[in-house]
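The values are calculated or read from the model by the stated rules, or taken from the named source; none is laboratory data. Keep in mind it's a predicted model, so treat the numbers as computed, not measured. Surface accessibility is based on the protein's heavy atoms, side chains included, excluding ligands, DNA and RNA. Shrake-Rupley method; radii C 1.70, N 1.55, O 1.52, S 1.80 Å.
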Amino acid sequence: MTTHALAGIGLFLTGAALSQAVAFGIAAWREARRERQIDDTLGPPAPDPSDNTQ
């Protein structure tokens, strides 16, 4: 392989990894936003009845 081919593969893989990291970040942000909207609408979740530590 030539240097140009290796550089191209490296740039492709770096771009793919960056795109995936951005996609995961957006997904996490949307999930947190959705949970916040649910909490704003319904209030905080009820305490777990199986948690008997008092």
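Within the stretch 43-50, is even one residue in a helix (DSSP H, G or I) and open to solvent by 100 Å² or more (accessible area, probe 1.4 Å)? No, that holds for no residue. Note on the stretch 1-42: residues that are open to solvent by 100 Å² or more (accessible area, probe 1.4 Å) and outside any helix (DSSP H, G or I) amount to 1.
Condition check ((1) of a type outside the set (Gly, Ala, Ser); (2) modelled with pLDDT of 90 or more) across all residues:
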residue: 2; (1), (2): yes, yes
residue: 9; (1), (2): yes, yes
residue: 28; (1), (2): no, yes
residue: 42; (1), (2): yes, no
residue: 49; (1), (2): yes, no
